[in-house]
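The values are calculated or read from the model by the stated rules, or taken from the named source; none is laboratory data. Quick caveat: nothing in here was measured; it's all calculated off a predicted structure. For neighbour counting, all protein chains shown are included, and Cβ atoms are generated from backbone atoms with ideal geometry for every residue, glycine included. Ligands, DNA and RNA are excluded from the accessible area calculation, which covers all protein heavy atoms including side chains. Shrake-Rupley method; radii C 1.70, N 1.55, O 1.52, S 1.80 Å.
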Amino acid sequence: MQQSLYILFLLIVALMTGCSGSSGPQMSDSEISAGQISTYQLKQQVSLYEKALEDPAIADSSQQRMELLKRLMDINDILQLDHRLMYYIDQLRDAAIENKDDAYRAMAEFMMGKRLHYHHDTIRGYQLCRKANDCYKL
């Protein structure tokens, strides 16, 4: 969990400082206000991660696939794209169940609980978050 948070932090820092692996169309500084830069870069990262998911080498590695799904889930949460967020939550949870990976399953369930809470289903949201949190207790 700590390593995943650190990776997400590094990804966000890289995005906010302008590091991009994309060779796609670029917008000039005058076209992007300061508040939109991170959103634009996050959207670029989403497309790169989605392309990576289609790579046959990734499809064969359940750990890499789940890590990409987690990153896509986190970015869609930051961008507040609920329809895409739910898709990646479901994909991550299903992959975690299939691979018997409790950590990734807990991450997906925690995010689902957080989303339910934001959409005013507080009790179910807290229940899912507590269930996910219990997976991390020793």
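Figure legend. Inter-residue proximity from region 85-105: first residues farther than 14 Å from D74 by Cβ, second residues open to solvent by 20 Å² or more (accessible area, probe 1.4 Å) and not in a helix (DSSP H, G or I), beta-carbon distance below 6 Å, spacing 6+ or different chains. Indicated pairs: D102/C135.
Give the residue that is modelled with the highest pLDDT, with candidates limited to residues of region 33-69 that are of a type in the set (A, V, I, L, M, F, W, C) and within 19 Å of Q80 (Cβ to Cβ). Only one residue fits best here, namely L69.
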